[in-house]
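**Student:** The structure is given below, and queries will be raised subsequently.
The values are calculated or read from the model by the stated rules, or taken from the named source; none is laboratory data. Quick caveat, the model's predicted, so the values are computed rather than measured. Backbone-built Cβ (ideal geometry, glycine too); neighbour counts: all protein chains shown. What goes into the accessible areas is simple: the full protein's heavy atoms, side chains included, and nothing from ligands, DNA or RNA. Shrake-Rupley method; radii C 1.70, N 1.55, O 1.52, S 1.80 Å.
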Amino acid sequence: MHDKTITELAAALKAGEFSSVELTEALLRRIEAHNPELNAFITVTREPALQAAREADAARAAGKAGPLTGIPIAHKDIFCTAGVRTSCGSKMLDSFVSPYDATVVEKLKAAGVVMLGKTNMDEFAMGSSNETSYYGPVKNPWKLDAVPGGSSGGSAAAVAARLVPGVTATDTGGSIRQPAAMCGISGLKPTYGRVSRYGMIAFASSLDQGGPMARTAEDLALLLNNMAGFDPRDSTSVEHVVPDYTDGIAESLEGLKIGLPKEFFGEGLDPEVGQVVEAAIKEYEKLGAEVREVSLPNSKLSVPVYYVIAPAEASSNLSRFDGVRYGYRCENPVDLEDLYKRSRGEGFGAEVKRRIMVGTYALSAGYYDAYYLKAQQLRRLIRDDFVRVFEEVDVLMGPTSPTVAFNIGERSDDPLQMYLSDVYTIAVNLAGVPGLSIPAGFAKGLPVGLQVIGNYFSEAKLLNVAHKFQQATDWHLATPEGF
Ligand code: GLN
């Protein structure tokens with residue numbers, strides 16, 4: 001059962017091959033067996049999961065089942081879940097139990113999914129390797145001494161190891177696409193505003209976007225159908241019709257215009273990763289697509305621009321964790337200032353503190369114009385590049401990450417090197433357009449992701465482009481040894 005995709009599981013549940021309770025029990029056993037070595041889950045919700053599975057089976061018996069009824073999933077531990085701890089990978093929220101569900105959680109619950117637990121992540125989603133988590137690093141199922149990517153490393157590893165068929169995740173600068181690439185699974189970052197941020201703990205509000213990860217594009221479509229949509233509780237969510245993302249997913253790619261941004265194939269790209277990506281693009285030509293080189297001249301600015309804007313927004317968002325209202329509180333504070341200082345000093349990890357310091361500096365009087373305002377102006381130019389190329393081509397393709405998964409500890413002492421892991425994904429968040437990553441092959445024995453980027457609200461097209469590749473190839477079926 002554990003090797004089936006969501007689409008296959010939905011068909012099997014419908015055909016009565018097994019019940020949701022049987023499926024849930026089987027996956028909980030796998031989590032029990034493999035989580036001690038992978039560390040992909042922070043919290044496993046065994047009893048509530050079995051209860052939800054019983055309810056799903058009852059709904060099916062009553063003729064009230066939808067496509068996701070009884071399907072087990074897990075949520076990244078950044079989504080608030082009523083009655084279940086939401087830690088955001090931080091000591092600061094180690095004992096935080098949200099009184100309400102995030103919109104994404106609520107919508108998926110209404111669709112009948114069974115939540116198995118909450119997945120590990122970089123602290124407050126700050127990282128590219130899942131090494132900043134208070135709960136320790138996640139291991140990559142393809143190579144246990146390698147990172148799974150980040151910040152949604154637990155979500156990606158759980159799907160890759162077949163512990164759960166689908167998960168939610170978030171992407172502020174690449175955190176869905178990059179770990180999907182490094183773990184050999186599929187992941188979609190929707191258009192900014194497509195998926196509600198209500199109840200999703202804020203890192204950088206103008207960049208954060210929730211999305212699904214699963215083995216196949218078809219499964220991403222099923223999940224997105226039940227995640228997307230306007231939410232009056234999120235002022236940045238967009239009122240835009242939600243199509244059925246499975247419709248048209250198998251349409252022909254004849255005449256599809258693919259742009260290859262030349263900036264995504266230059267210095268810094270591991271040549272073996274480049275070869276895998278080029279082979280994938282050849283496959284698209286066989287499927288009838290036309291390929292041409294394009295340019296995103298300002299994308300070279302995206303890493304420095306992101307590392308001003310994201311920390312600036314984070315420093316403001318994280319000011320709410322003060323030891324007073326919720327979260328960690330230090331022992332025996334002598335006065336209010338001591339309470340603030342020690343609660344934050346003891347509750348946050350090193351990377352989070354670095355971001356708060358950088359962000360506070362960039363926003364301070366005297367530096368605001370030089371850093372934050374300048375970064376916003378450059379962000380506009382980065383966005384304009386995408387708007388311009390999408391007048392010419394339907395989608396952009398390139399590598400998701402410049403390298404395959406690196407070893408645990410290899411980049412943790414060098415933040416700049418770590419920040420460059422997202423060199424191909426960050427511009428997409430700055431522009432707010434959607435992007436996905438699908439397995440495209442292997443380099444050095446580890447998975448390589450192909451990134452596909454589209455115009456605003458072109459998720460259906462991206463899923464179609466990904467699905468056709470998965471019909472023609474079987475990289476998405478590769479399973480790490482031992483799982
Ligand atoms: N790696 C990037 C960062 O550390 C992006 C993280 C994310 O997308 N949440 O900020």
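To keep it simple, each residue is scored yes or no on (1) over 26 Å from the mean Cα position of the chain (by Cα); (2) in a loop (DSSP other than H, G, I, E, B); (3) among the polar types (S, T, N, Q).
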residue: VAL242; (1), (2), (3): no, yes, no
residue: THR246; (1), (2), (3): no, yes, yes
residue: LEU260; (1), (2), (3): no, no, no
residue: PHE264; (1), (2), (3): no, no, no
residue: VAL273; (1), (2), (3): no, no, no
residue: VAL276; (1), (2), (3): no, no, no
residue: TYR284; (1), (2), (3): no, no, no
residue: ARG292; (1), (2), (3): yes, no, no
residue: LEU301; (1), (2), (3): no, no, no
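**Student:** Which condition number in (1) under 18 Å from GLY210 (Cβ atoms); (2) among the acidic types (Asp, Glu); (3) open to solvent by less than 70 Å² (accessible area, probe 1.4 Å) is the one that ASP94 fails?
**Tutor:** (1)
**Student:** Shifting gears a bit: Scan the range 342-371 and report the pairs whose first residue is closer than 11 Å to THR132 by Cβ and of a type in the set (Lys, Arg) and whose second residue is within 16 Å of the ligand (Cβ to nearest atom) and part of a loop (DSSP other than H, G, I, E, B), with Cβ atoms within less than 7 Å and a gap of 6+ or a chain change.
**Tutor:** These pairs meet every condition: ARG355/MET126.
**Student:** With respect to ALA314, is the statement that it is among the aliphatic types (A, V, I, L, M), within 16 Å of the ligand (Cβ to nearest atom) and crowded, with 22+ Cβ neighbours inside 10 Å true? Walk me through it before giving the result.
**Tutor:** Working: among the aliphatic types (A, V, I, L, M): yes; within 16 Å of the ligand (Cβ to nearest atom): yes; crowded, with 22+ Cβ neighbours inside 10 Å: yes.
Yes, satisfied.
**Student:** For residues that are part of a loop (DSSP other than H, G, I, E, B) and open to solvent by less than 10 Å² (accessible area, probe 1.4 Å), scanning just the range 138-150, find the one that is nearest to ALA478 (Cα to Cα).
**Tutor:** Of the range 138-150, the ones part of a loop (DSSP other than H, G, I, E, B) are 138-139, 141-142, 144-145, 147-150.
Narrowing the set further to residues that are open to solvent by less than 10 Å² (accessible area, probe 1.4 Å) leaves 138, 141, 147-150.
Working: VAL138: 20, PRO141: 12, VAL147: 18, PRO148: 16, GLY149: 18, GLY150: 21 Å.
The extreme case among them is PRO141.
**Student:** Next question. Can you tell me which residue is surrounded by the fewest Cβ atoms within 10 Å (Cβ to Cβ) among those in the range 364-422 that are under 21 Å from GLY432 (Cα atoms), within 16 Å of the ligand (Cβ to nearest atom) and of a type in the set (Ser, Thr, Tyr)?
**Tutor:** The qualifying residue surrounded by the fewest Cβ atoms within 10 Å (Cβ to Cβ) is TYR419.
**Student:** Here are some conditions: (1) closer than 27 Å to PRO165 by Cβ; (2) touching a Ser or Thr at 6+ places or on another chain (Cβ under 7 Å); (3) more than 15 Å from the ligand (Cβ to nearest atom). GLN451 meets all but one. Which one does it not meet?
**Tutor:** If we test GLN451 against (1) closer than 27 Å to PRO165 by Cβ; (2) touching a Ser or Thr at 6+ places or on another chain (Cβ under 7 Å); (3) more than 15 Å from the ligand (Cβ to nearest atom), just (3) comes out false.
**Student:** Return yes when ASN464 is open to solvent by less than 20 Å² (accessible area, probe 1.4 Å), of a type in the set (S, T, N, Q) and over 24 Å from LEU269 (Cβ atoms) and no when it is not. Even if it seems obvious, please write down each step before you answer.
**Tutor:** Numbers: open to solvent by less than 20 Å² (accessible area, probe 1.4 Å): yes; of a type in the set (S, T, N, Q): yes; over 24 Å from LEU269 (Cβ atoms): yes.
When the stated conditions are applied, ASN464 passes them.
**Student:** Of the residues in the range 440-461, how many are open to solvent by less than 10 Å² (accessible area, probe 1.4 Å) and closer than 18 Å to ASP171 by Cα?
**Tutor:** 7
**Student:** For VAL104, only one of the following conditions fails: (1) touching a residue at least 40 places away in the same chain (Cβ under 8 Å); (2) out of contact with any Phe, Trp or Tyr (no Cβ under 8 Å at 6 or more places or on another chain). What is its number?
**Tutor:** It is condition (2) that VAL104 fails.
**Student:** Just wondering, is there one or more residues in the range 259-272 that are crowded, with 20+ Cβ neighbours inside 10 Å, of a type in the set (Phe, Trp, Tyr), in contact (Cβ under 8 Å) with a residue 24 or more places away in the chain and under 24 Å from GLU391 (Cβ atoms)?
**Tutor:** Scanning the range 259-272, I find at least one residue that is crowded, with 20+ Cβ neighbours inside 10 Å, of a type in the set (Phe, Trp, Tyr), in contact (Cβ under 8 Å) with a residue 24 or more places away in the chain and under 24 Å from GLU391 (Cβ atoms), so the answer is yes.
This table checks each residue for (1) touching a residue at least 40 places away in the same chain (Cβ under 8 Å); (2) under 21 Å from ASP219 (Cα atoms); (3) open to solvent by 20 Å² or more (accessible area, probe 1.4 Å).
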| position | (1), (2), (3) |
| --- | --- |
| PHE18 | no, yes, yes |
| LEU38 | yes, no, no |
| THR45 | yes, no, no |
| ALA52 | yes, yes, yes |
| ARG60 | yes, yes, yes |
| GLY70 | yes, yes, no |
| ILE78 | yes, no, no |
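**Student:** How about the range 87-141: which of its residues are β-branched (Val, Ile, Thr) and closer than 26 Å to GLY66 by Cβ? Working first, answer last.
**Tutor:** Initially, the range 87-141 is screened for residues β-branched (Val, Ile, Thr), giving 97, 103-105, 113-114, 119, 132, 138.
If the condition is that a residue be β-branched (Val, Ile, Thr) and closer than 26 Å to GLY66 by Cβ, then THR103, VAL104, VAL105, VAL113, VAL114, THR119 are the ones that fit.
**Student:** Starting from the range 415-426, keep only residues that are more than 15 Å from MET182 (Cα to Cα) and of a type in the set (Phe, Trp, Tyr), then list their pairs with residues that are more than 9 Å from the ligand (Cβ to nearest atom) and in a helix (DSSP H, G or I) whose Cβ atoms are within a distance under 7 Å, requiring at least 6 positions of separation or different chains.
**Tutor:** Note: pairs meeting the criteria are TYR419/VAL303.
**Student:** Right, another one. Tell me which residues, restricted to the range 118-154, are away from the ligand (no atom under 14 Å from the Cβ) and either within 17 Å of MET200 (Cα to Cα) or of a type in the set (Phe, Trp, Tyr) (or both). Full working, then the answer.
**Tutor:** Step one: of the range 118-154, the residues away from the ligand (no atom under 14 Å from the Cβ) are 118, 134-146.
Correct list: LYS118, TYR134, TYR135, TRP142.
**Student:** From the residues in the range 155-188 that are more than 21 Å from ARG85 (Cα to Cα), among the β-branched types (Val, Ile, Thr) and under 10 Å from the mean Cα position of the chain (by Cα), which one is farthest from the ligand (Cβ to nearest atom)?
**Tutor:** Filtering the range 155-188 for residues that are more than 21 Å from ARG85 (Cα to Cα), among the β-branched types (Val, Ile, Thr) and under 10 Å from the mean Cα position of the chain (by Cα), the one farthest from the ligand (Cβ to nearest atom) comes out as ILE176.
**Student:** I'd like to check something: does the range 97-109 contain any residue that is of a type in the set (Val, Ile, Thr), open to solvent by less than 10 Å² (accessible area, probe 1.4 Å) and assigned to a loop (DSSP other than H, G, I, E, B)?
**Tutor:** no
**Student:** Somewhere in the range 321-332, is a residue in contact (Cβ under 8 Å) with a residue 40 or more places away in the chain and part of a helix (DSSP H, G or I)? Full working, then the answer.
**Tutor:** Keep residues of the range 321-332 that are in contact (Cβ under 8 Å) with a residue 40 or more places away in the chain, which gives 321, 326-328.
Cutting the leftovers down to part of a helix (DSSP H, G or I) gives us none.
No.
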